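One structure is given below, encoded as structure tokens.
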Amino acid sequence: MTEKLYYNDSYISDFYANIVAVENIDNSRALILDKTAFFPEGGGQSADTGYIGEAFIYDVQEKDGIIYHLTKSTDFPSVNTVAHCVLDAEKRFSKMQSHSGEHIVSGIAHSCFDAENVGFHMDGTLMTVDFDKPLSKEQLNIIEEKANACVYRNEKINTFILTAEEAAKYSYRSKLDFTGEVRLVEIENTDLCACCAPHLKSTGEIGIIKILSSASHRGGVRITLICGKTAFNDYSEKHNSTMNISAQLCSKHDKTAEAVAKLIETNSSLKYEFSARQKILLEIIASAIKPDNIICEFYNKLTMDDIREICNSAKDKCGMICIILSGNDENGYAYCIYSESEKLMSVMEAFKNTFGASGGGRGNMLQGKVKAGKSQIMNFFTELKV
Ligand SMILES: [Zn+2]
């Protein structure tokens with residue numbers, strides 16, 4: 001069994017321990033110490049990282065009471081020597097802020113709304129917490145407000161290790177049925193919960209508790225939660241973003257939503273106006289096309305929709321075939337072709353074969369793209385004998 005230093009003092013980040021054994025697990029070396037402050041992955045919380053001697057510990061796992069410190073390094077202290085061990089203290093503190101904040105939120109959700117925490121996951125310091133029943137936005141606001149009030153009161157966080165029988169005398173939150181020892185984490189005046197992870201000493205160290213979002217999940221709700229430094233960084237990032245948007249919109253920072261709504265409204269009416277004017281323009285272009293047996297007209301910077309519109313308007317002016325194109329010799333042309341002749345498909349076939357054109361369609365109107373020179377295309381159609 002590895003002695004768990006983090007059970008009694010979760011602030012140890014620098015310690016000395018004996019290397020008891022080194023095992024190979026997959027492509028890693030697993031260092032086993034007589035005691036450790038490294039928290040192994042568990043209860044939804046990721047493992048600590050850090051160094052044992054010169055070896056970087058990228059993961060820590062526990063199995064049957066033994067804690068395995070995983071490293072890819074070959075430069076690690078040998079068995080039966082005392083090693084200097086250092087955790088990434090900043091990351092650990094941030095995780096403790098997050099985890100302690102989660103206890104507060106889950107405890108308040110339980111005491112106020114009888115909602116049970118049925119799932120917890122920590123990705124870095126971004127957490128998701130699943131509750132077994134839906135919680136409305138108003139209820140989540142109450143939970144968030146009460147959770148932050150608990151931070152302001154700076155409540156003590158205590159841990160106790162009890163036998164299952166002793167623990168049974170208390171009412172505490174837990175997802176497991178314990179038979180051996182139970183480690184209880186108490187946040188005074190707020191929550192009592194069974195948990196194996198390291199926590200802070202008092203709630204004031206958490207700083208900020210913020211629920212970012214909520215979504216329905218398996219008949220209940222999943223919330224995304226951030227605490228402490230992560231919440232502060234998130235606030236800073238969003239504040240900078242808001243100030244940037246506010247400057248660009250020339251609006252006050254608390255009026256950006258109204259300014260964006262106005263921008264969207266203006267954009268939408270401009271689109272409507274543009275579309276109406278575009279329609280007039282296409283009608284003018286189509287009306288300028290002179291009647292002919294074969295109509296072959298080239299334009300630039302028109303969309304496929306535009307040339308289809310022109311082709312539709314001009315199709316009655318052609319005796320045999322009407323082809324409208326837009327583009328240039330360098331990049332190729334989009335085309336729309338119309339003919340009442342039953343031979344339209346065979347003309348298309350020849351067009352495709354001659355220029356490697358792509359496209360298709362139904363009935364008398366076909367469309368596609370072709371990479372060929374303007375004069376070659378013109379020659380192809382003017383020499384047609386349909
Ligand atoms: Zn915990």
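Evaluate the stretch 312-328: report whether one residue or more is surrounded by fewer than 18 Cβ atoms within 10 Å (Cβ to Cβ), modelled with pLDDT of 95 or more and closer than 20 Å to Lys374 by Cα. Checked against the condition, which is being surrounded by fewer than 18 Cβ atoms within 10 Å (Cβ to Cβ), modelled with pLDDT of 95 or more and closer than 20 Å to Lys374 by Cα, the stretch 312-328 yields at least one hit. Mind checking which residues of the stretch 329-366 are in a strand (DSSP E or B) and buried (at least 20 other Cβ atoms within 10 Å of the Cβ)? Passing the criteria: Tyr333, Ala334, Tyr335, Cys336, Ile337, Tyr338, Leu366. Within the stretch 375-386, the set of residues being in a helix (DSSP H, G or I) and either in contact with a Gly (Cβ under 9 Å, 6 or more places away or on another chain) or of a type in the set (A, V, I, L, M) (or both) comprises Ile377, Met378. For the stretch 239-294, taking the residues that are of a type in the set (Lys, Arg) and in a helix (DSSP H, G or I), the one that is nearest to Asp305 (Cα to Cα) is identified as Lys279. Within the stretch 100-119, which residues are buried (at least 19 other Cβ atoms within 10 Å of the Cβ), farther than 17 Å from Asn233 by Cβ and within 16 Å of the ligand (Cβ to nearest atom)? Once the filter is applied, which keeps residues that are buried (at least 19 other Cβ atoms within 10 Å of the Cβ), farther than 17 Å from Asn233 by Cβ and within 16 Å of the ligand (Cβ to nearest atom), the stretch 100-119 yields Ser100, Glu102, His103, Ile104, Val105, Ser106, Gly107, Ile108, Ala109, Asn117.
Listed by position, the strands (runs of 3 or more DSSP E) contained in the stretch 171-229 that have at least 3 residues being within 15 Å of the ligand (Cβ to nearest atom) are 181-187, 191-194.
From the list Lys133, Lys146, which residue is more than 15 Å from the ligand (Cβ to nearest atom), in the same structural domain as Gln97 (by TED's automatic domain parsing) and assigned to a loop (DSSP other than H, G, I, E, B)? Lys133 is the lone residue from the list that is more than 15 Å from the ligand (Cβ to nearest atom), in the same structural domain as Gln97 (by TED's automatic domain parsing) and assigned to a loop (DSSP other than H, G, I, E, B). List pairs: first residue in the stretch 36-52 and free of Cβ contacts under 8 Å to residues at least 40 places away in the same chain, second residue aromatic (Phe, Trp, Tyr) and within 16 Å of the ligand (Cβ to nearest atom) anywhere in the structure, Cβ distance under 9 angstrom, at least six positions apart or on different chains. Short answer, once both residue conditions are applied: Ala47/Phe39.
Taking the criterion of being under 17 Å from Ser98 (Cβ atoms) and away from the ligand (no atom under 16 Å from the Cβ), the only residue of the stretch 34-66 that qualifies is Thr49. Yes or no: Ile142 more than 22 Å from Ser46 (Cα to Cα) and either touching a helix residue (DSSP H, G or I) at 6+ places or on another chain (Cβ under 8 Å) or at pLDDT 95 or above (or both)? In short, yes.
Against the list (1) touching an Asp or Glu at 6+ places or on another chain (Cβ under 8 Å); (2) at pLDDT 95 or above, the condition Glu41 fails is (2). The requirement of being in contact with a helix residue (DSSP H, G or I) (Cβ under 6 Å, 6 or more places away or on another chain) and either closer than 29 Å to Arg218 by Cα or surrounded by 17 or more Cβ atoms within 10 Å (Cβ to Cβ) (or both) is not satisfied by Ala55. Checked against the criterion of being part of a strand (DSSP E or B) and either closer than 20 Å to Glu181 by Cβ or in contact with a Phe, Trp or Tyr (Cβ under 6 Å, 6 or more places away or on another chain) (or both), the candidates Ile67, Ile57 yield just one match: Ile67. Every test in (1) at pLDDT below 95; (2) farther than 30 Å from Pro134 by Cβ is passed by Lys262 save one, and that test is (1).
The values are calculated or read from the model by the stated rules, or taken from the named source; none is laboratory data. All figures in this text were calculated on a predicted structure; none of them were measured in a lab. Glycine gets a Cβ as well: all are built from the backbone with ideal geometry, and neighbour counts include every protein chain shown.
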